[in-house]
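A.B. asks: I am attaching a structure below and will ask some questions about it afterwards.
All of the numbers you see were taken from the coordinates with simple rules; none came from a lab. These figures come from a predicted structure and were not determined experimentally. Cβ coordinates were reconstructed from backbone atoms using ideal geometry, including for glycine residues, and neighbour counts include every protein chain displayed.
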Amino acid sequence: MNGTVLKDMLGRIAERGRAIVERRPARVTSASATPERIEDLCRALLSGRGEASGVALGGRVLDLYAALSIEQKVSFFRILARDFGPDQQRLRQAWAVYDRDGSPAGLRALLTAVEPPRQELFRRLNLAPSGTRALVAMREDLIKLGGNDPTFAETDGGTVSPPD
């Protein structure tokens with residue numbers, strides 16, 4: 001199968017996924033959507049509805065993000081840090097198991113527990129059309145708006161620093 005055929009097939013799958021998402025009652029209906037609604041869409045994306053609908057849903061999340069005001073973007077980044085970070089209880093339990101026996105299975109469980117759900121969210125958003133470009137713009141916003149706020153650094157994996 002050559003690259004063009006595969007690209008066309010993936011495009012058709014994504015279009016069908018968009019059609020499925022658009023036929024459902026809209027959860028977010030305007031560009032003035034609140035971050036909580038975007039949060040709901042992000043949770044739906046992480047729930048794993050399916051590849052095609054996930055691509056379409058990811059595109060919707062990115063479109064809504066682009067339409068947010070500065071204040072709404074700040075709120076969205078705080079939500080990502082607060083609600084899409086590692087589950088602390090699961091992390092402690094995984095660490096306790098690994099610390100006790102040091103097994104490869106325990107290490108795998110620990111590594112899984114350490115990864116924040118927002119990391120998987122970013123991976124899925126990246127699959128949307130122009131996802132990489134949108135995520136780069138989102139990170140630019142995060143850096144620009146982050147200042148010295150440690151919450152923003154958490155969202156960016158500890159690397160956000162104020163612009164020069």
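A.B. asks: Order these by the 10 Å Cβ neighbour count, fewest first: 115, 39.
C.D. replies: Listing 115, 39 from fewest to most nearby Cβ atoms yields 115, 39.
A.B. asks: Quick check: from the Cα gyration tensor, does segment 61-164 come out rounded (a/c under 1.5), prolate or oblate?
C.D. replies: Note, shape of segment 61-164 comes out prolate.
A.B. asks: For 84, 152, what ranking results if the residue with the fewest other Cβ atoms within 10 Å of its Cβ goes first?
C.D. replies: By the 10 Å Cβ count, ascending, the order reads 84, 152.
A.B. asks: May I ask for the Rg/Rh ratio of segment 48-116, computed from Cα atoms with Rh as the Kirkwood radius, given to two decimals?
C.D. replies: Over the Cα atoms of segment 48-116, Rg/Rh equals 1.18.
A.B. asks: OK, next. With +1 assigned to the C-beta of every Lys and Arg and -1 to the C-beta of every Asp and Glu, and no other charges, what is the dipole magnitude of segment 54-164 about the Cα centre in debye, to the nearest 20?
C.D. replies: 300 debye
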